[in-house]
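Step one of this worksheet: look at the structure below.
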Amino acid sequence: MPNDHLSAVNSIMQQMAQSIIGQDEVVRTLALALLCNGNVLLEGLPGTAKTRSIKTLSQVLQASLGRIQFTPDLLPSDVTGNEIYQDNHGKSELQFQPGPIFNELVLADEINRAPAKVQSALLEAMEERQITVAGKTYPLPALFMVLATQNPIEQEGTYPLPEAQMDRFMMKISVNYPNAEAELAIVRMLQTEEAHQTAPREVIPQSHIFAARETIQKMKVSAAVEQYIVDLVMATRLPKKHGGKLLHWIETGSSPRASISLHRACRASAWLDDRDYVDPDDVRSVLHSIIRHRLILTYDALADGVTPDTIIDEIILQVAVG
């Protein structure tokens, strides 16, 4: 029996891959986050199609897109909305005006350019899918996803994201420059778009996403794979058990949200591969995107140019499947 929901998600991925050429890992990771109802942080240099990938996803799903350009003078109410006085039959009443956070997909562009007070306005939305303003709570759309972007090399005028907020991003995607072959295809694709010769996108009903989520939530994971997930996360908290390298590289390990996110993402990965069971390769395939932003590195690691991905590679080598 054909899996219509899987075919629909594959169609979403194909259309995104045609729009952001040479970024297959970005496409798959965004699809996984969508299936897991998670938020995503995209880190990459300018011009690597971070914003384009989000816009394409919103077009394919016909999802409302709210864009917030984070700047140093942004206020929390610019994100959440605010109560304002409005005339109602000659009477002034306070009415809530929703901000851009009340969209199905929210693009938080250059999120690290705003101070912590504004960044914290996203915390409740990302974790609880609701916003509280002036003591009143407002639910967010059923299909809600924050996709934030940041530049990894520009430091002047930026504010590091608090650890509590980083932890609420289910995945962090490192977006790299495309290779020469992909870049040539990008140039040709944009020329075609300028000539208005592109075919209209196939719209995928959002019901396929919700149905897929239900299936993924019910998927069973073996005790051995669950123990493997926990062992991988514990290796970030107890590095001394796994050799000198990890001990000298990791200052603070990952929170329980890492284990929860790994459990969800590996089930979604198996479902994308049309399987109803999870194997250790599923766990390893999503480990980097889930752990890389949940590690605090030691001074020695930073001085030696060790990256979170290098540390995760070492963890995979050190932790065996039970």
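Please indicate, with yes or no, whether at least one residue in segment 69-80 is among the acidic types (Asp, Glu) and free of Cβ contacts under 8 Å to residues at least 40 places away in the same chain. I'd like the intermediate steps shown before the answer.
To start, the set of residues in segment 69-80 that are among the acidic types (Asp, Glu) comprises 73, 78.
Next, only the ones that are free of Cβ contacts under 8 Å to residues at least 40 places away in the same chain stay: 73.
Yes, segment 69-80 has at least one match.
Looking at 148, 224, 211, can you tell me which residue is of a type in the set (A, V, I, L, M) and part of a strand (DSSP E or B)?
Working: 224 fails: part of a strand (DSSP E or B); 211 fails: part of a strand (DSSP E or B).
Of 148, 224, 211, the one residue that is of a type in the set (A, V, I, L, M) and part of a strand (DSSP E or B) is 148.
Pairs only if they're at least six apart or on different chains, beta carbon under 8 angstrom, first in segment 300-322 and acidic (Asp, Glu), second open to solvent by 60 Å² or more (accessible area, probe 1.4 Å); list them, first residue then second.
300/248; 314/245
Which residues, taken from segment 51-64, are open to solvent by 30 Å² or more (accessible area, probe 1.4 Å), assigned to a helix (DSSP H, G or I) and touching a helix residue (DSSP H, G or I) at 6+ places or on another chain (Cβ under 9 Å)?
Of the residues in segment 51-64, the ones open to solvent by 30 Å² or more (accessible area, probe 1.4 Å) are 51-52, 55, 59, 62, 64.
Subset that is assigned to a helix (DSSP H, G or I): 51-52, 55, 59.
Correct list: 52, 55, 59.
Of everything in segment 68-99 that's loosely packed, with under 15 Cβ neighbours inside 10 Å and at pLDDT 85 or above, which residue is nearest to residue 147 (Cα to Cα)?
Looking at residues that are loosely packed, with under 15 Cβ neighbours inside 10 Å and at pLDDT 85 or above, I get 69.
If you take the residues in segment 136-161 that are open to solvent by 70 Å² or more (accessible area, probe 1.4 Å) and modelled with pLDDT under 85, which one is farthest from the chain's Cα centre (by Cα)? Give the steps one after another, and end with the answer.
Applying the first criterion (open to solvent by 70 Å² or more (accessible area, probe 1.4 Å)) to segment 136-161 yields 136-137, 139, 142, 153-156, 159-160.
The next check asks that each one be modelled with pLDDT under 85; those that pass are 153-156, 159-160.
Working: 153: 20, 154: 21, 155: 22, 156: 24, 159: 19, 160: 17 Å.
Per the criteria, the residue is 156.
Any residue in segment 95-111 that's closer than 20 Å to residue 137 by Cα and in contact (Cβ under 8 Å) with a residue 24 or more places away in the chain: show its pairings with residues that are aromatic (Phe, Trp, Tyr) and open to solvent by 20 Å² or more (accessible area, probe 1.4 Å) at Cβ separation under 8 Å, as long as the two are six or more apart or on different chains.
96/138; 98/138; 102/138
Within segment 255-273, how many residues are open to solvent by 50 Å² or more (accessible area, probe 1.4 Å) and among the hydrophobic types (A, V, I, L, M, F, W, C)? Let's see the steps before the verdict.
Narrowing segment 255-273 to residues open to solvent by 50 Å² or more (accessible area, probe 1.4 Å): 256-257, 260, 264, 273.
Add one more test, that the residue is among the hydrophobic types (A, V, I, L, M, F, W, C), and what stays is 260.
Result for segment 255-273: 1.
The values are calculated or read from the model by the stated rules, or taken from the named source; none is laboratory data. Note that the structure is a prediction, hence the values are computed from the model and not measured. Glycine gets a Cβ as well: all are built from the backbone with ideal geometry, and neighbour counts include every protein chain shown. For the accessible areas, the whole protein counts, side chains as well, though only heavy atoms, and no ligand, DNA or RNA atoms are used. Shrake-Rupley method; radii C 1.70, N 1.55, O 1.52, S 1.80 Å.
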